[in-house]
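Peer 1: Here it is: the structure, laid out below.
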Amino acid sequence: MSNETKQDVFNALMADMSHGSEQWRARYDAAFPDNLPVIPKAVGEYLKRYKLMFTLFGFLRDAVSRIDTPLDDLNQTKYHWIANNQNTFARAWVLGVWRVEETGEIVKAEEEK
């Protein structure tokens, strides 16, 4: 996977038609979909940290169970966001990639080696 969306690749193709079609096909196939889930930075960092330790069900169950636990405000906000945006969070979890709400940056759960 790359760090660009299908629209990014299409725009670059339209701007420079001089490259071979096979190169463009490979680049397009490696690009992310345009409709990436958008999640807050703090939630994304939390997802990256715990994705390898939990199943999605276990993670959501844990997050929802902590909503009423007295924690610092940042953690409380994360748990509330996850509980109220479970579909978006689940898409980010399954795809392993999302767009950061505050910056628009595309982030991968696991960096390629």
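The values are calculated or read from the model by the stated rules, or taken from the named source; none is laboratory data. These numbers were taken from a predicted model, which means no experiment stands behind them. As a convention, Cβ positions derive from the backbone with ideal geometry for all residues, glycine included, and neighbour counts pool all protein chains shown. Side chains are part of the model used for accessible areas, which takes the heavy atoms of the whole protein and leaves out ligands, DNA and RNA. Shrake-Rupley method; radii C 1.70, N 1.55, O 1.52, S 1.80 Å.
Peer 1: Taking R0 as 35 Å, what's the FRET efficiency between residue 64 and residue 3 from their Cβ-Cβ distance, rounded to 0.05? Numbers along the way, then the final one.
Peer 2: Working: r = 31 Å, r/R0 = 0.89.
After rounding to 0.05, the efficiency reads 0.65.
Peer 1: At 1.4 Å probe size, what's the solvent-accessible area of residue 55? Round to the nearest 10 Å².
Peer 2: Surface open to solvent at residue 55 totals about 90 Å².
Peer 1: Just to verify a number: FRET efficiency for residue 30 and residue 50, C-beta to C-beta distance, R0 = 25 Å, to 0.05?
Peer 2: Numbers: r = 27 Å, r/R0 = 1.07.
Calculated value: 0.40.
Peer 1: Under the Karplus relation 6.51 cos²θ - 1.76 cosθ + 1.60, θ = phi - 60°, what is the ordered set of whole-Hz ³J(HN,Hα) values for segment 79-95, x standing for Gly and Pro?
Peer 2: 5, 5, 4, 4, 4, 8, 9, 4, 5, 5, 4, 4, 4, 4, 4, 5, 5
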